[in-house]
1. Within the range B:136-208, considering only helices (runs of 4 or more DSSP H) that don't extend past its boundaries, which have at least 3 residues that are more than 15 Å from the chain's Cα centre (by Cα), within 11 Å of chain A (Cβ to nearest Cβ) and not hydrophobic (A, V, I, L, M, F, W, C)?
2. Does A:Ala235 satisfy being touching a residue at least 12 places away in the same chain (Cβ under 8 Å), surrounded by fewer than 20 Cβ atoms within 10 Å (Cβ to Cβ), at the interface with chain B (Cβ under 7 Å from one of its Cβ atoms) and touching a helix residue (DSSP H, G or I) at 6+ places or on another chain (Cβ under 8 Å)?
3. Considering (1) at the interface with chain B (Cβ under 7 Å from one of its Cβ atoms); (2) crowded, with 22+ Cβ neighbours inside 10 Å; (3) out of contact with any Asp or Glu (no Cβ under 7 Å at 6 or more places or on another chain), say which one A:Ala211 fails and leave the rest.
4. Scanning for something within 14 Å of chain A (Cβ to nearest Cβ) and farther than 17 Å from B:Leu17 by Cβ, does the range B:78-90 turn up at least one residue?
5. Among (1) touching a Leu at 6+ places or on another chain (Cβ under 8 Å); (2) within 18 Å of B:Leu212 (Cα to Cα), there is one condition A:Ala161 misses while meeting the rest; what is its number?
6. Taking the conditions exactly as written (surrounded by fewer than 18 Cβ atoms within 10 Å (Cβ to Cβ) and under 29 Å from A:Asp218 (Cβ atoms)), does A:Gly138 satisfy them or not?
7. Among the candidates B:Leu85, B:Leu27, single out the residue that is surrounded by 21 or more Cβ atoms within 10 Å (Cβ to Cβ) and touching a helix residue (DSSP H, G or I) at 6+ places or on another chain (Cβ under 9 Å).
8. Taking into account only those residues within the range A:243-280 that are part of a loop (DSSP other than H, G, I, E, B) and over 27 Å from the mean Cα position of the chain (by Cα), which is nearest to the other protein chains (Cβ to nearest Cβ)?
2 protein chains.
Amino acid sequence: VNVLQLPKHVGIVGLGLIGGSLARDLLSRGVEVTGLDRDTSQIGNLAGSGPGQMRLADSLAAVTVAPVVIVAVPVGATIAVLAELAPHVTAGHVVLDVGSTKRVVVERAEALGIGTRFVGCHPLAGHHTSGWAASRSGLFDGAPVFICPGNATAPDAVAAACGLWTALGGCVERLAPDAHDAHMAEISHLPHMVSVALALTLAESGQSHDALGPGGCDVTRLAGSSAEVWGDIVAQNRARIAGALARFEHRVRHLRNAVERDDDAGVRALLDEARSWHSS
Amino acid sequence: VNVLQLPKHVGIVGLGLIGGSLARDLLSRGVEVTGLDRDTSQIGNLAGSGPGQMRLADSLAAVTVAPVVIVAVPVGATIAVLAELAPHVTAGHVVLDVGSTKRVVVERAEALGIGTRFVGCHPLAGHHTSGWAASRSGLFDGAPVFICPGNATAPDAVAAACGLWTALGGCVERLAPDAHDAHMAEISHLPHMVSVALALTLAESGQSHDALGPGGCDVTRLAGSSAEVWGDIVAQNRARIAGALARFEHRVRHLRNAVERDDDAGVRALLDEARSWHSS
């Protein structure tokens with residue numbers, strides 16, 4: 001870990017799972033952190049003004065005292081936060097986000113005139129738990145982190161973002177915002193919606209979550225995620241998620257047809273294909 | 001744990017995840033174990049003839065030297081094993097299985113004339129790994145165990161089965177074979193098929209398993225299970241699994257329609273409903 005890649009002072013808007021974990025990691029590396037959240041009552045002894053403690057801001061403007069500002073709120077709220085931050089963003093600032101969709105957020109930053117200083121980021125470190133209580137140090141260690149600058153983003157801002165995530169152990173991968181959203185629709189948003197649809201099916205059948213064995217718990221785990229975070233993600237990646245769900249429906253129907261047709265060899269071939277993919 | 005509920009000697013056919021874990025738990029409680037498997041090369045120093053070691057049998061008949069015989073092979077093979085065991089089963093024997101379907105197996109035991117001595121059992125302790133290497137002591141501690149006697153099963157055989165699983169830490173629940181299969185179609189077989197269908201969708205899109213974050217890994221974990229074990233389960237619970245998949249397809253379509261229609265409130269309500277179910 002090259003600590004030299006870290007800025008001296010970072011502002012964090014939203015101290016949930018991602019923002020809280022960022023605060024922990026940065027504080028433990030000697031970085032000064034100024035944080036803002038709608039509810040800071042849970043933060044306890046990490047908040048304060050001494051070394052290794054997080055200063056709490058009382059406004060978005062106050063967070064821009066730091067040269068690097070990370071917006072770590074649900075992607076719908078990110079739009080509103082960027083609008084309020086924009087008047088305070090100078091050529092000396094770098095602004096990052098951490099959300100699971102990138103196209104809409106990057107377009108919005110450009111429309112607000114802060115496109116040169118904004119770098120869309122997405123650490124693949126989400127979890128079905130949320131909030132400060134779910135945050136932990138080391139969350140980004142070994143995690144893929146997508147860096148999705150817009151066409152206007154300045155190279156020094158991209159370099160600052162890459163340096164920060166790398167210093168926290170992330171494996172940085174650069175991807176255009178739209179390509180990122182297409183990729184996430186498949187590997188993250190689709191699994192999420194599948195988990196939700198299974199939870200809804202079991203709820204409808206009157207099965208309780210307690211009845212599940214370890215396997216069923218795994219498949220339905222994501223259904224326990226924040227509806228606020230995921231409602232926003234769906235709203236910003238609608239067409240791609242709907243397309244992925246349609247392809248998934250086609251595979252479910254294909255599998256059900258083999259089951260119904262009494263086609264043991266066909267079912268076995270599909271189970272084998274799934275297993276090969278899983279272990280490849 | 002009431003060790004008095006355990007028989008002195010247990011025969012186990014199939015030393016995979018379930019059979020191997022049974023062997024470990026029984027040996028560690030001082031029960032004599034005679035095991036049989038198509039491949040015993042991995043068993044190592046648990047095999048032998050000393051105290052705490054498992055004797056290896058070379059035929060199904062040789063396993064019936066024990067008064068309690070547990071058949072722990074894929075549910076398709078269980079049918080064949082029961083047919084071969086039947087001539088050796090006396091009124092002094094109790095025969096159990098451990099598979100994820102119960103109706104076909106219990107009917108088969110009755111047709112073979114061993115219905116009075118056979119108790120269909122199903123510990124909800126499966127995993128996507130399999131084989132002796134995946135077995136471990138304590139697997140059944142706290143696990144639900146369904147006990148599904150047929151109409152012909154003798155009460156002393158049911159009591160012996162309940163005593164054995166209880167002594168290993170299992171939480172015994174009695175259920176008729178058909179009711180068991182209907183319940184499993186929902187809470188276990190459906191989640192399995194959903195995980196498989198997602199794996200097939202991602203494979204078709206050219207996504208590798210490596211690309212997934214922790215959430216996607218959870219939802220696709222069951223797709224890594226043994227195709228042999230699950231092909232047999234599908235063959236024995238076909239109509240119920242197809243029905244559950246049809247209900248699931250309906251929920252996926254409903255969710256996709258809300259996503260496509262730009263219906264933010266509708267999507268949010270479904271996410272909320274799934275989350276409430278998960279945390280209830």
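The values are calculated or read from the model by the stated rules, or taken from the named source; none is laboratory data. From a predicted model like this one, the values you see are computed outputs, not experimental measurements. With ideal geometry, Cβ positions are generated from the backbone for all residues, glycine too; neighbour counts draw on all protein chains shown.
1. Working: elements: B:155-167, B:177-184, B:190-204.
Counting at least 3 such residues, we get B:190-204.
2. Working: touching a residue at least 12 places away in the same chain (Cβ under 8 Å): yes; surrounded by fewer than 20 Cβ atoms within 10 Å (Cβ to Cβ): yes; at the interface with chain B (Cβ under 7 Å from one of its Cβ atoms): yes; touching a helix residue (DSSP H, G or I) at 6+ places or on another chain (Cβ under 8 Å): yes.
Yes; evaluated as a whole, the condition is true for this residue.
3. Failed condition: (2).
4. Kept after step one, since they are within 14 Å of chain A (Cβ to nearest Cβ), are these residues of the range B:78-90: B:79.
Filter again for farther than 17 Å from B:Leu17 by Cβ, leaving B:79.
Yes: the range B:78-90 contains one or more residues that are within 14 Å of chain A (Cβ to nearest Cβ) and farther than 17 Å from B:Leu17 by Cβ.
5. The number of the failed condition is (2).
6. On the way: surrounded by fewer than 18 Cβ atoms within 10 Å (Cβ to Cβ): yes; under 29 Å from A:Asp218 (Cβ atoms): yes.
In short, yes.
7. Numbers: B:Leu27 fails: surrounded by 21 or more Cβ atoms within 10 Å (Cβ to Cβ).
Step by step, each of B:Leu85, B:Leu27 is checked, and only B:Leu85 is surrounded by 21 or more Cβ atoms within 10 Å (Cβ to Cβ) and touching a helix residue (DSSP H, G or I) at 6+ places or on another chain (Cβ under 9 Å).
8. The extreme case among them is A:Asp262.
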